[in-house]
Amino acid sequence: MNTQSVAVIGHPIGHTMSPFIHHRLFRLSGIPLAYQVLDVPDLPATLPALRGLDCFNITIPHKSAILPYLDGIDPAAKAFGSVNTVQVRQGKLYGYTTDGAGCRKALENHGLSFHGKMLLLGNGGAARAIAFEAAQGAGDFQITIAHRPGSYHKANALAEELAAFARGRGDKGFRIVVESYGELEQDKGQAFDLLLNCTSVGMYPHAGESPVPEAVVARCAAVFDAVYNPGRTALLQLAEKTGAKAVGGMEMLVYQAVRAHEIWYGTKFDPADLAALCQDAERELEKRFGEGKEA
């Protein structure tokens, strides 16, 4: 196979671990590549360069912004309204989402799943992908979408789309609630089986911040934080303090990349190799950034 031109795009993107992960995956599959990290403040202006690649990944803030520029889109990504993986065929862009699958696999590795009462923080691209991934297995459970001041309409729109998606699947026990962060903190009797943080709060260089206070975390049996830098976010430290099971974002990052390779090349990997990659990626992150400080 010819050398593949691959990239990850976002803005800002200096913290990305994607090159480390994708280089390892390409090495495992024996596919030669040239990999770029592209800081893209202006997405439309970058489209000609992107069409010259073989494939690329997308991170904040372009997961939803890329949608109007795609020539084709996977039905799941279209329903979810989020794309993080693009395949380029003859200069045309075809979009997919692998965030939800990556999150599901990360949870499964720790004996968790999308079930019971879930609290979703965020309503951007990753939040949408994860929420719809959860809704695909909808049964008798509830998702509460928390919103900041000024974000009610966006959170409510996501809730309405999830409800319509669930109705279309014939799910009757799937309940969606929209609450402000203030209401969430005041409702001290409300407990959750799983908190899903899909915001960037607590990400380097603001590693000391948590999206919700300890009082909210204490009402959650398990906490998943999509933030992977630092490895132990302030939110995860609160989860550990309160006795909740804590899962960081690195495994999601690895397994969404694995799913991307399956889409691009049909690659299958040895589970032992992927487990080793997750551990090595954590060590690499610590070497580069330490406890939230750039090396």
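For segment 100-250, a crude dipole built from +1 on the beta carbon of Lys and Arg and -1 on the beta carbon of Asp and Glu, taken about the Cα centre, is about 220 debye to the nearest 20.
Taking θ as phi - 60° and the Karplus parameters 6.51, -1.76 and 1.60, the scalar couplings of segment 224-230 work out to 10, 10, 5, 5, 10, 10, x Hz in sequence order, x denoting glycine and proline. Compared with the rule-of-thumb size 2.2 N^0.38 Å for a compact globular protein, segment 127-203 has a Cα radius of gyration ratio of 1.10. Per-residue ellipticity at 222 nm, computed for the chain from helices alone with -39500 (n - 2.57) per DSSP H run of at least four residues, works out to -12500 deg cm²/dmol.
For segment 1-147, the relative contact order is 19 percent, taking Cα pairs closer than 8 Å that sit 6 or more residues apart in sequence and dividing their mean separation by the residue count. Based on alpha-carbon atoms, the Kirkwood radius and the radius of gyration of segment 212-295 give Rg/Rh equal to 1.06. For segment 100-250, pairs of C-alpha atoms spaced more than 21 angstrom apart make up 38 percent of the total. Ordering Leu238, Gly52, Phe224 by the projection of their Cα atoms onto the charge dipole of the chain, which places +1 on the Cβ of Lys and Arg and -1 on the Cβ of Asp and Glu, puts Gly52 at the extreme positive end. Normalised by the number of residues in the chain, the average gap of Cα pairs under 8 Å and 6 or more apart makes the relative contact order 15 percent. With N as its number of residues, segment 17-108 has a Cα radius of gyration that, divided by 2.2 N^0.38 Å, comes to 1.10. Excluding same-chain neighbours fewer than eight residues apart, the lysines reachable from Lys188 by a Cα-Cα span under 28 Å are Lys117, Lys154, Lys172, Lys241, Lys245.
Volume per residue of the convex hull around the Cα atoms, evaluated for segment 1-159, comes out as 137 Å³.
Can you list the equivalent-ellipsoid semi-axes of the chain, largest first and in whole Å, using the square root of 5 times each Cα gyration tensor eigenvalue? Over the Cα atoms of the chain, the semi-axes work out to 30, 22, 18 Å. Set against the 2.2 N^0.38 Å expectation for a compact globular protein, segment 226-273 has a Cα radius of gyration ratio of 1.48. Listed from fewest to most Cβ neighbours within 10 Å, the set Asp39, Asp225, Asp270, Asp193 follows the order Asp270, Asp39, Asp193, Asp225. Counting only alpha carbon atoms, the long axis of helix 99-109 and the longest principal axis of the chain meet at about 70°. Convex hull of alpha carbon positions in segment 73-128: directionally averaged projected area 4.7 nm². Dipole magnitude for the chain: computed about the Cα centre from +1 point charges on Lys and Arg Cβ and -1 point charges on Asp and Glu Cβ, it is near 420 debye. Give me the angle, in degrees from 0 to 90, between the Cα long axis of helix 125-136 and the longest principal axis of the Cα atoms of the chain, rounded to the nearest 10. Once rounded, the angle reads 70 degrees. When DSSP beta bridges are restricted to pairs lying wholly in the chain, around 20% turn out antiparallel.
Every number here is computed from the coordinates shown, using simple stated rules; none is lab data. None of these values were measured; they are calculated from a predicted model. In this analysis, Cβ positions are derived from the backbone assuming ideal geometry, glycine residues included, and neighbour counts consider all displayed protein chains.
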